[in-house]
Amino acid sequence: MLILDVYDIKKILQKTGFKDFFLELIDVLQNDYKNWDNFDKIPRVATHFPYGVIELMPISDEEFYTFKYVNGHPRNPKFDKTTVMATGQLSVIKTGEPLLLSEMTLLTALRTGATSAMAGKYLARENSSVLCLIGTGAQSEFQTLAFDTVFDIKEVRYFDIDPKTMDKFEKNIKKYGFNLTRCDSAREAVRGSDIVTTITADKANQTILTRDMIEDGMFINGVGGDCPGKTEMSKEVVEASTVFVEYLPQTKIEGEIQQVCDDFPAIELQKVIKGEKSGRKDDKEITLFDSVGFAIEDFSVLKLIYKLAKKYSTGKELDLIPVMDDPKDLFVSFEN
Ligand SMILES: NC(=O)c1ccc[n+]([C@@H]2O[C@H](COP(=O)([O-])OP(=O)(O)OC[C@H]3O[C@@H](n4cnc5c(N)ncnc54)[C@H](O)[C@@H]3O)[C@@H](O)[C@H]2O)c1
């Protein structure tokens with residue numbers, strides 16, 4: 001079984017570069033979204049604790065089965081641990097044999113950036129060049145670089161309640177040549193932006209975005225509101241937008257739309273990608289991608305990273321499954 005640790009993911013990204021990796025991942029994601037009806041899907045299994053949430057995210061198609069273990073603990077940085085940590089596995093359907101066990105903290109950040117950018121292709125104005133980030137924590141650089149593969153991002157406007165986190169973001173992203181506009185409030189950061197990404201962590205119903213902050217034609221990419229009782233914008237922002245979601249049964253529980261009535265007309269993104277529904281209709285429409293993170297995105301990134309690991313001979317083969325000459329002689333594992 002192939003094992004990929006964080007250093008292996010780094011090696012693979014050094015070979016591909018962020019841009020080509022994101023382009024290929026967006027391609028894989030789009031194809032998997034097109035194959036939506038052939039996936040066996042369930043809302044993720046979430047166990048809630050006073051400190052955060054731990055989730056299991058299984059999914060399969062005709063060929064592969066994947067699952068991710070992931071947490072979300074907004075207070076973790078106070079204990080020098082990252083808010084989101086993840087591992088994941090890829091298995092073959094035909095025999096059930098696990099092929100890959102991988103780190104997924106980095107892969108989650110990469111796939112979340114790629115999913116946001118893919119949604120942006122259908123939901124943002126084509127000439128979008130100003131990206132706003134509310135929250136400049138662990139996911140923020142990945143969001144910025146992913147959007148820059150789909151759009152020609154010229155300016156990034158950003159705000160975080162923690163100034164040290166904004167320093168960190170500037171240090172990491174300055175070499176990529178964006179005009180960086182550090183703001184004193186979310187309101188200032190949103191002003192004049194084409195794409196507004198909210199990517200904060202707090203186990204609370206926050207109202208970071210209010211209706212009066214939102215301008216005609218904006219694409220809101222709501223990423224941080226992803227649990228019951230954990231949202232980032234007012235109900236009026238949701239109601240003023242055309243809302244797109246990943247998997248409706250899961251987003252109804254976890255997304256911004258938990259604030260509105262059960263029959264709120266949210267559109268699954270897969271329908272737009274398959275050409276069954278339209279994405280953005282005109283330059284004035286306010287669109288909202290109510291992202292919570294769905295298992296198909298982990299499936300896509302695990303499949304791609306497995307292919308790239310084989311291509312670049314990266315990772316370690318470990319006997320996590322017993323190796324036997326006679327498949328019925330498991331006991332021989334204790335001999336010799
Ligand atoms: N939808 C998805 O697919 C997906 C994937 C990954 C992470 N997430 C979610 O995204 C969020 C961010 O993840 P992360 O790993 O970057 O977390 P992080 O803890 O590293 O960063 C979050 C940042 O938000 C800031 N923040 C909190 N409240 C704020 C406010 N009111 N205004 C401005 N800034 C504020 C914090 O200071 C922190 O720097 C989490 O809630 C996580 O659960 C969603």
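The values are calculated or read from the model by the stated rules, or taken from the named source; none is laboratory data. Source: prediction; values computed, not measured. Because the Cβ atoms are built from the backbone with ideal geometry, glycine has one as well, and the counts that use them run over all protein chains shown. These area figures cover heavy atoms from the full protein model, side chains too; ligands, DNA and RNA do not enter into them. Shrake-Rupley method; radii C 1.70, N 1.55, O 1.52, S 1.80 Å.
Rounded to the nearest 5, the antiparallel percentage of DSSP beta bridges internal to the chain is 50%. Computed about its Cα centre, the charge dipole of the chain is approximately 800 debye, with only Lys, Arg, Asp and Glu carrying charge at their Cβ. Look at the Cα gyration tensor of region 101-172: its axes a ≥ b ≥ c give a/c of at least 1.5 with a/b at or below b/c, and that counts as oblate.
Largest GNM mean-square fluctuation across Ser241, Ser313, Ser300, computed for the chain with C-alpha springs under 10 Å, falls on Ser313. The GNM of the chain, with springs linking C-alpha atoms under 10 angstrom apart, assigns the highest mean-square fluctuation among Ile26, Ile321, Ile161 to Ile321.
Classify region 201-336: rounded, prolate or oblate, from the alpha-carbon gyration tensor (a ≥ b ≥ c, eigenvalue square roots; a/c under 1.5 rounded; otherwise prolate if a/b is larger than b/c)? Note, shape of region 201-336 comes out prolate. The magnitude of the dipole of region 216-336, with charges of +1 and -1 set on the Cβ of Lys/Arg and Asp/Glu and taken from the Cα centre, is near 460 debye.
Taking the DSSP beta bridges in region 167-313 as the whole, what percent of them are antiparallel, to the nearest 5?
On the way: 1 of 16 bridges.
Among the beta bridges of region 167-313, antiparallel pairing accounts for roughly 5 percent.
Ranked from the most accessible area to the least, with a 1.4 Å probe and all protein chains present, what is the order of Met324, Met233? Display every interim value, and only then the final one.
Values: Met324 60, Met233 0 Å².
The ordering from most to least exposed comes out as Met324, Met233.
Shape annotation for region 122-241: C-alpha extents along the principal axes are 37, 32, 23 Å, from largest to smallest.
Grab the other residues whose beta carbon is less than 13 angstrom from that of Thr82, score K and R as +1, D and E as -1, and report the net.
On the way: positive: Arg75, Lys78, Lys81, Lys168; negative: Asp80, Glu103.
Around Thr82, the surrounding residues sum to +2.
Under 14 Å Cα to Cα from Lys171, which aspartates and glutamates show up? Leave out anything in the same chain fewer than 8 places away. Hits, sequence-local ones excluded: Glu141.
Considering only protein heavy atoms and a 1.4 Å probe, what is the carbon-and-sulfur percentage of the accessible area of the chain? Write out the running numbers ahead of the final one.
Working: 8180 of 15570 Å².
After summing per-atom areas, the C and S share lands at 53 percent.
Sparsely packed loop sites in region 265-336 (the GluC sites (Glu not before Pro) outside DSSP H, G, I, E and B with at most 10 other Cβ atoms within 10 Å) comprise Glu276, Glu335. Under 16 Å of direct C-alpha separation, and excluding same-chain neighbours fewer than eight residues apart, Lys284 reaches these aspartates and glutamates: Glu126, Asp194, Asp212, Glu215, Asp216, Glu239. Taking amide H positions as modeled 1.01 Å from N, with prolines and chain starts lacking one, the residues under 5 Å from Val196 and 5 or more places away or on another chain are Cys132, Phe219, Ile220, Asn221.
Quick check: from the Cα gyration tensor, does region 200-269 come out rounded (a/c under 1.5), prolate or oblate? Oblate, since a/c reaches 1.5 and b/c is not below a/b. Taking each of Lys11/Lys310; Lys94/Lys271; Lys10/Lys310; Lys15/Lys311 in turn, the alpha-carbon distance tops 20 angstrom for Lys94/Lys271.
Each label was represented as a point 7 Å from its Cα along the Cα-to-Cβ direction; for Asp263 and Asp216 these points are 3.1 nm apart.
Toward the positive end of the charge dipole of region 34-90, with +1 on the Cβ of Lys and Arg and -1 on the Cβ of Asp and Glu, the farthest Cα among Tyr65, Ile42, Ile54 is that of Ile54. Given the options Thr181, Leu123, Ser313, identify the residue whose Cα lies farthest towards the positive end of the charge dipole of the chain (+1 on Cβ of Lys, Arg; -1 on Cβ of Asp, Glu). It is Thr181, whose Cα lies furthest towards the positive end. Where does the chain land at 222 nm, in deg cm²/dmol rounded to the nearest 500, when only DSSP H runs of n ≥ 4 count, each adding -39500 (n - 2.57), divided by all residues? It lands at -10000 deg cm²/dmol. Label-to-label distance for Asn205 and Phe331 is 6.2 nm, based on points extended 7 Å past Cα in the beta-carbon direction. P(r) tail for the chain: Cα pairs beyond 33 Å make up 25% of the total.
Could you report the chain's accessible area per residue, 1.4 Å probe, as an integer in Å²? Walk me through the intermediate numbers first.
Values: 15570 Å² over 336 residues.
Heavy-atom SASA per residue in the chain reads 46 Å².
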